[in-house]
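Following: one structure in structure tokens, then a few remarks.
The values are calculated or read from the model by the stated rules, or taken from the named source; none is laboratory data. Remember, it's a predicted structure, so these values are computed and weren't measured experimentally. Positions of Cβ are generated from backbone atoms using ideal geometry, with glycine treated the same way; all protein chains shown enter the neighbour counts.
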Ligand SMILES: C[S@@+](CC[C@H](N)C(=O)[O-])C[C@H]1O[C@@H](n2cnc3c(N)ncnc32)[C@H](O)[C@@H]1O
């Protein structure tokens, strides 16, 4: 083949490559894109993850996790059967006080997601079919050590409406402290799992007792600096249904009212404070000079 023939071949191959790249378009939904590696933590019925997957047309870039367990490898009827037998058959009852307690615990753990959320099963099925990695029993306060996560780094780590459970009046300091400990543990782990330029996102209600969680202060303990606070609009995420997540009404939604997505990046807190104070002083001096 002549040199010009080779050059033509090379140019054609290059053109094909370029058209392939432009056909794999990056898709966006709100702050999230199909080009980002996204870790979702503390999901309820996985409808938020699915909203992203549907918008991207794929879930290859999503790792969606819940604290709740799902699909332990034995049939859900076996502990129930054991309980029934142990109540009916006296011999079983004699040997089984501890076992009955154990089986009650197993029932509690087993298929937690399916018991809690009516749509969890179908949402998870769709997510998996679209290529998502789904993990269960993932504690946000220790997730860095999780075998599937320990080596991975993410562009976005998202915890929507973290909540440690209903333990009394939300305005009481011990209850607020419980929630703060959860978010603090999440930040401690998330800050070590970010890619360069990665962000940690927490969506949270504003005002009232929720303001007292003081997310910014908690994040700063782990060198996470608030870079933005965007209004959270549920209707931006079609199909997303925020869940209470605990208690007999766990599958119910709750009013979001004014909520916000707090976005944090790793950074030097002093530097950020200095630059924001210098920009505010320069803007105040420029406004005072313009008004003079
Ligand atoms: C108010 S619900 C919100 C659920 C979901 N993110 C949503 O937006 O619908 C709070 C969630 O926090 C989760 N959670 C509580 N403690 C957690 C922990 N240590 N690690 C991970 N998730 C946790 C609960 O399982 C529950 O799903």
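So here's what we get for this one:
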read-out	value
Output for the stretch 207-223, where each listed residue is more than 16 Å from the ligand (Cβ to nearest atom) and within 17 Å of the chain's Cα centre (by Cα)	219
Residue within the stretch 172-179 that is in contact with a helix residue (DSSP H, G or I) (Cβ under 9 Å, 6 or more places away or on another chain), outside any loop (DSSP other than H, G, I, E, B) and within 14 Å of the ligand (Cβ to nearest atom) present	yes
Some residue of the stretch 38-47 being more than 16 Å from the ligand (Cβ to nearest atom) and at pLDDT 95 or above	no
Odd one out for residue 72 among (1) away from the ligand (no atom under 16 Å from the Cβ); (2) under 23 Å from residue 150 (Cα atoms); (3) modelled with pLDDT of 95 or more	(3)
Condition met for residue 163 (within 21 Å of residue 226 (Cβ to Cβ) and part of a loop (DSSP other than H, G, I, E, B))	yes
Whichever residue in the stretch 141-160 is closer than 13 Å to residue 41 by Cβ and not in a loop (DSSP other than H, G, I, E, B) and, among such residues, is farthest from the chain's Cα centre (by Cα)	144
Leading residue by the ranking (nearest to residue 54 (Cα to Cα)) among those in the stretch 222-250 that are free of Cβ contacts under 8 Å to residues at least 40 places away in the same chain and in contact with a helix residue (DSSP H, G or I) (Cβ under 7 Å, 6 or more places away or on another chain)	226
